[in-house]
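Asks: Before I ask anything, here is the structure I am working with.
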Amino acid sequence: VQLQAFGGGLVQAGGSLKLSCVASGMVFSTTHMAWYRQAPGKQRELVARVFSTSATNYADSVKGRFTISRDNAKKTVYLQMNALTSEDTAVYYCSCSLRAQTYWGQGTQVTVSS
């Protein structure tokens, strides 16, 4: 299983970014996917999850601002981030769990300047 995340960058507060994560080595359409993030000095936290049914859930801190989605044909999961604040600055990781093992992408840095 390989997960390649990209799309991070530097953005001003109030701006938007869209992250993408391309998956390989698994049956993507039946796999639940998630985005996590880790800010400096903090634990990694769940940001959003999209299930194989395309149902979603979000951390309270991003509800109404972030949207997770998936394209099974492209084996890609997205995270659209709007109304970004400095609190969203972190390394963002895509992730999935298969057969009791968790896989992580390499992470992409998102920096929000105030």
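The values are calculated or read from the model by the stated rules, or taken from the named source; none is laboratory data. Because the structure is predicted, anything quoted here is derived from the model rather than measured. Every residue, glycine among them, receives a Cβ derived from its backbone with ideal geometry; neighbour counts consider all protein chains shown. The accessibility values were calculated without ligands, DNA or RNA, using every heavy atom of the protein model including side chains. Shrake-Rupley method; radii C 1.70, N 1.55, O 1.52, S 1.80 Å.
Asks: Would you check which residues across the range 81-100 are surrounded by 14 or more Cβ atoms within 10 Å (Cβ to Cβ) and assigned to a strand (DSSP E or B) and list them?
Replies: Those that are surrounded by 14 or more Cβ atoms within 10 Å (Cβ to Cβ) and assigned to a strand (DSSP E or B): Met81, Ala90, Val91, Tyr92, Tyr93, Cys94, Ser95, Cys96, Leu98.
Asks: Cβ contacts < 7 Å: first residue under 9 Å from Arg37 (Cα atoms), restricted to the range 86-99; second residue exposed (fewer than 14 other Cβ atoms within 10 Å of the Cβ), any location; separation 6+ or different chain. Result?
Replies: As it stands, the answer is Val91/Gln109, since those pairs meet every condition given.
Asks: Scanning the range 3-21 for residues that are touching a Phe, Trp or Tyr at 6+ places or on another chain (Cβ under 8 Å) and assigned to a strand (DSSP E or B), which turns out farthest from Thr85 (Cα to Cα)?
Replies: Among those that are touching a Phe, Trp or Tyr at 6+ places or on another chain (Cβ under 8 Å) and assigned to a strand (DSSP E or B), it is Leu3.
Asks: Restricting attention to the range 49-80, and to residues there that are basic (Lys, Arg) and over 24 Å from Gln2 (Cα atoms), which single residue is most open to solvent (accessible area, probe 1.4 Å)?
Replies: In this case the residue turns out to be Lys63.
Asks: While we're looking at this one, here's another question. Can you tell me how many residues within the range 26-48 are in a loop (DSSP other than H, G, I, E, B) and open to solvent by less than 70 Å² (accessible area, probe 1.4 Å)?
Replies: Residues in the range 26-48 being in a loop (DSSP other than H, G, I, E, B) and open to solvent by less than 70 Å² (accessible area, probe 1.4 Å): 3 in total.
Asks: Given the criterion touching a residue at least 60 places away in the same chain (Cβ under 8 Å), of a type outside the set (D, E, K, R) and out of contact with any helix residue (DSSP H, G or I) (no Cβ under 7 Å at 6 or more places or on another chain), identify the matching residue among Ala39, Ala59, Ala34.
Replies: When all the criteria are applied, what remains is Ala34.
Asks: Looking at the range 101-114 only, could you name the residues that are surrounded by fewer than 14 Cβ atoms within 10 Å (Cβ to Cβ) and either assigned to a strand (DSSP E or B) or on the phi > 0 side of the Ramachandran plot (or both)?
Replies: Gln101, Thr102, Gln109, Ser113
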